1. Once label points are set 7 Å from the Cα along Cα→Cβ at both Thr104 and Arg233, what is their separation, rounded to one decimal in nm?
2. Which cross-chain or sequence-distant (5 or more) residues have an amide H under 5 Å from the amide H of Phe69, H modelled 1.01 Å from N in plane?
3. Kindly give the semi-axes, whole Å and largest first, of the ellipsoid equivalent to the range 1-69, taking each as the square root of 5 times a Cα gyration tensor eigenvalue.
4. Once amide H atoms are placed 1.01 Å from N in the peptide plane, what residues at a sequence separation of 5 or more from Ala309, or on another chain, have their amide H within under 5 Å of its amide H?
5. Please report, for the Cα atoms of the range 357-409, the Rg to one decimal and the Dmax as a whole number; what are they, in angstrom?
6. Counting only Cα, what are the radius of gyration and maximum Cα-Cα distance Dmax of the range 238-361, in Å?
7. Let's test the formula: R0 of 51 Å, r as the Cβ-Cβ distance of Asp134 and Arg240. What FRET efficiency results, to the nearest 0.05?
8. Could you compute how much accessible surface Arg306 exposes when probed at 1.4 Å, giving the result in Å² to the nearest 10?
Amino acid sequence: MSTERETIGVIGVGWVGLVTAACFAELGHRVIARDIVPEKVEALSRGETMIHEPGLDELLRKNADRLTFTTEMGEVLDAASLLFVCVDTPPTHSGDDDLSRVRTVVDELDADGDHVLVMKSTVPAGTGNAIRRDLPNLAYVSCPEFLKEGSAVADFLHPDRVVIGADPGDEAAGAMVADLYEPLGGELVQTDVTSAEMIKLASNAFLATKISFINEIANVCEEVGADVGEVSRGMGLDERIGPRFLSAGIGWGGSCFGKDTIALKKLAGNSGYHFQLLSAVIEVNELQKRRVIGKLKKHLGSLAGRRIALLGLAFKPETDDMRDASSLVLAGRLEGEGAEPVAYDPIAAGRARQLLPTVELAPSALDALDGAEAAVLVTEWPEFAEIDWREAAGRMARPLLVDGRNFLDADELRAAGFEYEGIGRAVSAAAAPSRAD
Ligand code: UDX
């Protein structure tokens, strides 16, 4: 079945929905995207975006004539048969995914219509089956997203794999979705709906596990005098292990890993299984964010009244997203110790103003470092590699740097007069290992 020039409906124009809409338009399809927030729809219709994602603005501009934004579900249902559901599923107080937005969308559908519901939102395994039971006439396909913030457009257009879950009776709908992704290449995984849902949760949980694992290895490296960069390099060359997601640091953050690991743990628990490994993965990550405090205290003693610069606030570079960012825990802990954090981030400052109202925000990295008694590199923004560290050392009250991402050249920093601490980096490390991913 050809889906050439198919009009595609996208429901929920958050980060996933907007990238999905822009990329399908780039592939030549007409896209009608709906969101319930009128201001968002008006801004997008004027060509303004509210998220920072490399290449996204350009795609939206280039394909503006194929993209329509609306608040009206009826318009989407009239124009499109394939409906990509991209609403968010934030955690509830119990840690389970909040499916109320998904449910609202499902309630708006015409139970007798001939639409195909394509679930991109991350949902607990079993959700598709439950929706299918409620709407037996509707075709249902699970098509989880694996986009990374900061490279989402490239990830969409060059996927490692495309997972399509369709149960018996919905094979034609699954084939329609597979056709849409066909021009992008990438291994096609066709499976049942529940397995597709599990692939998404298990993939994120595994990546989080890999990072927590290497972070624990880094902590042991500190005890025994090994260098985690060398250890990662040596491990990663084993094809069974692979080099990516083996960069030690001050913990993973973002909108997905935290939420999805907890949701998977709860999903298992709700069905009577205690997912022990995942509990440790989550706990290791929480502790990892706090280890920086110990490193600072080792050099400074009490942190009370000390000005500490935080370089970077976003949960990773090339995004202004601060959801679950390590900076939030770190700033809170510093304030708890009586320190006076001052932070700089090239683009997340706007969001930081709301999330960290008591933290001073500096207009540049050097301004943040001015007079500071220590600095912590929290996010590996490329511009931090370009800082004149000699000048920085002169400006700081004490040139002490904790490199939370093992991003800087330790020898260069020491030569510039810094006391340098990385994460799991041996003091005599010759070169700064570059980030594997
Ligand atoms: C993740 C998944 O990678 C993606 O497939 C899914 O669709 C959404 O969740 P994202 O949250 O955008 O993507 O970020 P990712 O690049 O995976 O990084 C997550 C966190 O792990 C970041 O805080 C990053 O700094 C950290 N990280 C990553 C490490 O600490 N070490 C690494 O080696 C890699």
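1. 5.1 nm
2. Amide H neighbours of Phe69: Ala33.
3. Gyration-tensor ellipsoid for the range 1-69: 19, 13, 10 Å.
4. Val342, Glu373, Ala374, Ala375, Val376
5. Spelled out, the Cα radius of gyration and Dmax of the range 357-409 are 10.7, 32 Å.
6. Considering the range 238-361 through its Cα atoms, Rg and Dmax are 16.6, 49 Å.
7. 0.75
8. Arg306 has an accessible surface of roughly 60 Å² with all protein chains in place.
The values are calculated or read from the model by the stated rules, or taken from the named source; none is laboratory data. Note that this is a predicted model, so its numbers are computed, not measured. Note that we place each Cβ from the backbone using ideal geometry, even for glycine, and neighbour counts take in every protein chain shown. Heavy atoms of the whole protein, side chains included, go into the accessibility calculation; ligands, DNA and RNA do not. Shrake-Rupley method; radii C 1.70, N 1.55, O 1.52, S 1.80 Å.
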